[in-house]
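See below for the structure under consideration.
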Amino acid sequence: MNRQALILGGLVATAALSFVAYNNYKAQQEVGKPTVVADLPKFSVGDDVDKITIKDGKKDDVVLEKKGDKWELTKPVSAAANQESVKSALSSLKDFKINSRVDLKIDDKVKKDKHLDADQVLHVMAFKGADKKIDLFMGESLLQLEGKPNDVFMAKNMSRYTFAKETKEWRDKEIFKFESDNAIHVAIKNKNGEFSFTKGDKGWAGTLKGTAIERFDESKVKDLITDFKSLTAEDFGDGKSDAETGLDAAEGTVTVSLKDNAGKYVLNFGKVSSGEMRYARKDGGNVVFIVGARGHWATDAKEKFQKALADAGADAASKEPPKTAHHEDPNE
């Protein structure tokens with residue numbers, strides 16, 4: 001190969017490499033390439049944070065505030081907060097650390113694709129009093145900071161899903177909480193009458209309108225207690241009147257009493273909300289819960305607490321003493 005051919009081949013190769021490099025550069029401009037920088041923004045979020053605000057796209061603002069030693073939801077409704085959800089959010093903010101700036105040209109298309117546009121971005125702020133500790137805009141995998149509209153970052157220990165919750169998920173959903181072994185009496189009042197279930201030395205006994213329930217199945221009462229010992233709401237019926245929820249004339253009431261006068265739990269059930277879910281409210285309370293399928297216990301009829309005839313017959317037969325075979329004496 002002569003010298004001219006070698007030079008020509010070198011020029012072609014150089015041009016090809018330049019073309020590849022240019023295309024890579026363009027791709028990085030479109031997709032974004034992490035670039036480690038020494039002077040990245042730093043944050044200090046500690047245990048003294050007492051307010052968190054979250055704006056998730058077009059959804060209502062969520063504001064969480066610490067009152068005493070408990071967190072409360074103050075927007076969009078005033079309610080007790082789910083302490084574990086807030087704890088998880090605080091932990092994420094405390095561990096949050098920007099580790100790189102992304103080489104990315106910001107325009108409307110990129111914002112939409114990366115969920116950084118106004119309709120999709122998750123805006124999170126944390127305060128200690130009037131002191132703002134952090135102010136960031138979270139996309140699908142990238143984030144931006146207040147005051148830096150042209151910069152995009154990546155961070156460690158920051159999950160969008162820790163903050164992108166429905167309002168109900170920030171609320172305390174607990175209705176009842178007790179140990180099943182401590183329950184000694186259950187009462188149910190509905191259109192069928194008043195049921196009374198009492199735990200004695202030999203197990204549970206049940207009556208309806210003061211009369212013992214024939215073929216009584218104590219396992220059903222145990223199931224009821226299992227369902228109610230850690231009862232939580234599926235959702236809430238905020239803003240609905242008693243007439244709308246049916247709580248002006250409850251369709252069923254369940255009362256669980258604990259031993260040693262340790263407490264009594266009373267829950268009134270109203271109309272069906274949807275499917276198998278019903279509105280419910282604690283006796284003397286003002287929060288309207290929406291309870292799932294477990295609410296059926298409040299309106300069940302006597303048959304729910306009875307064994308089937310075949311099962312009852314089998315149980316009775318098993319309790320009869322064995323019959324002794326009679327043999328005639330041949331000498332008689």
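Using the Cβ-Cβ distance between ASN157 and ALA293 with R0 set to 25 Å, the FRET efficiency from 1/(1 + (r/R0)^6) comes to roughly 0.10. Of the trypsin sites (Lys or Arg not before Pro) found in segment 57-152, those in coil by DSSP whose Cβ has at most 12 other Cβ atoms within 10 Å are LYS58, LYS105.
Extension gain for SER44 to SER91 (0.36 nm times residue separation, less C-alpha to C-alpha distance): 15.7 nm.
The trypsin sites (Lys or Arg not before Pro) found in segment 151-230 that occupy coil by DSSP, while having at most 12 further C-beta atoms within 10 Å, are LYS177, LYS191, LYS202, LYS209. Considering only the other residues whose Cβ falls under 14 Å of the Cβ of GLY193, what net charge follows from Lys and Arg at +1 and Asp and Glu at -1? My count for the surroundings of GLY193 gives +1. Placing pseudo-labels 7 Å out from each Cα toward the beta carbon at ASP223 and LEU145 gives an inter-label distance of 5.8 nm.
Applying 0.36 nm per residue to the separation of GLU194 and SER230 and subtracting their alpha-carbon distance, the gain on full extension is 10.6 nm. Fewest-first ordering of TYR279, TYR161 by other beta carbons within 10 Å of each residue's beta carbon gives TYR161, TYR279.
A simple spin-label model places the labels of LYS282 and LYS132 3.7 nm from each other, with each point 7 Å out along Cα-to-Cβ.
For the residue pairs LYS189/LYS222; LYS189/LYS282; LYS173/LYS307; LYS42/LYS132; LYS168/LYS259, the alpha carbons lie more than 22 Å apart in LYS173/LYS307; LYS168/LYS259.
Converting phi to 3J(HN,Hα) with the Karplus coefficients 6.51, -1.76 and 1.60 and the offset θ = phi - 60°, segment 126-141 yields 10, 10, 10, x, 8, 7, 7, 8, 7, 8, 9, 10, 9, x, 6, 9 Hz in sequence order, with x at every glycine or proline. Label positions at ASP60 and LYS109, each projected 7 Å from the Cα along the C-beta direction, are separated by 3.8 nm. For segment 170-246 and segment 54-130, what is the separation of their C-alpha centers, rounded to whole Å? What the calculation gives is 39 Å, centre to centre.
Shown is the FRET efficiency for GLU303 and LYS75, computed with R0 = 45 Å from the Cβ-Cβ distance and rounded to the nearest 0.05: 0.45.
Across segment 207-272, Cα pairs under 8 Å and at least six residues apart give a relative contact order of 24 percent.
Just so you know, all these numbers are worked out from the coordinates, no wet-lab data involved. For clarity, every value in this text was computed on a predicted model and none was experimentally measured. Methodologically, a virtual Cβ is constructed for each residue, glycine included, from the backbone with ideal geometry; neighbour enumeration extends over all protein chains shown.
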